[in-house]
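The values are calculated or read from the model by the stated rules, or taken from the named source; none is laboratory data. Keep in mind that this is a model prediction, so the values were computed, not measured. Don't worry about glycine lacking a Cβ; one is built from the backbone with ideal geometry, like all the others, and counts go over all protein chains shown. Just so you know, the surface numbers come from the protein's heavy atoms only, side chains and all, with ligands and any DNA or RNA stripped out. Shrake-Rupley method; radii C 1.70, N 1.55, O 1.52, S 1.80 Å.
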Amino acid sequence: MHCSCVCSVVQRAWWLMSQAARGVAVSLSTSLSLGVFFLQFLEWWYSSDNQSAVKALTSLPAPPPPLHLQRDHSGQDSPANRGKETRPGSDSRNCPLCQRLRTNATVLATSGFVFCYRCIYMYVKSNRRCPVTGYPTEPQHLIKIYSPES
């Protein structure tokens, strides 16, 4: 009888140790899987397509300044710009697309040019680029300008 008790205690201890080892193995496997998932998530987060799009937009060369900025404040051509042609009727308050006085002034963040909201929204929605510089752009790059006069 004494031997059967010892065998039963040894069997129970062996069973408990095998269950503990199995639990440790499952825990290690789960932890390793979660760790690999987390590292892959971090890799995706820091090298996502969104980041490459931002880098592509910021690496574009600066567009030339608008024609009205190439004149000095007195309305005369600056010495550096004498002899250069300017567009007839170009006015800093006119929309480059419709050539009329801007309404609901909106700047295109990718180029810095200011347009009427309706003109630039329709143009960007259909062409996906700036009408002046040709830089690629999206409708979310439109920014409303709030001026003290309005």
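Observations on the structure shown:
- The residues of the range 130-150 that are among the polar types (S, T, N, Q) and open to solvent by less than 70 Å² (accessible area, probe 1.4 Å), listed by number, are T133, T137, S147.
- Remark: pairs (first residue in the range 88-103, closer than 18 Å to I145 by Cα and surrounded by 13 or more Cβ atoms within 10 Å (Cβ to Cβ); second residue at pLDDT 90 or above and of a type in the set (G, A, S); Cβ separation under 9 Å; 6+ apart in sequence or on different chains) = C95/A105.
- A search for C-beta distances below 9 Å between a residue of the range 125-150 that is charged (D, E, K, R) and any residue that is in a strand (DSSP E or B), counting only pairs 6+ apart in sequence or on different chains, returns R128/P136; R129/P136; K144/A105; K144/T106; K144/V107.
- For the range 96-111, the tally of residues that are of a type in the set (V, I, T) and modelled with pLDDT under 90 stands at 2.
- The residue of the range 17-45 that is least open to solvent (accessible area, probe 1.4 Å), among those that are within 30 Å of E138 (Cβ to Cβ) and at pLDDT 75 or above, is L42.
- Condition check for L60: under 20 Å from the mean Cα position of the chain (by Cα), open to solvent by less than 90 Å² (accessible area, probe 1.4 Å), modelled with pLDDT under 75 and under 20 Å from I143 (Cα atoms): yes
- Hits in the range 99-124 - residues which are of a type in the set (A, V, I, L, M, F, W, C) and within 18 Å of P139 (Cβ to Cβ): A105, V107, L108, A109, F113, V114, F115, C116, C119, I120, M122, V124
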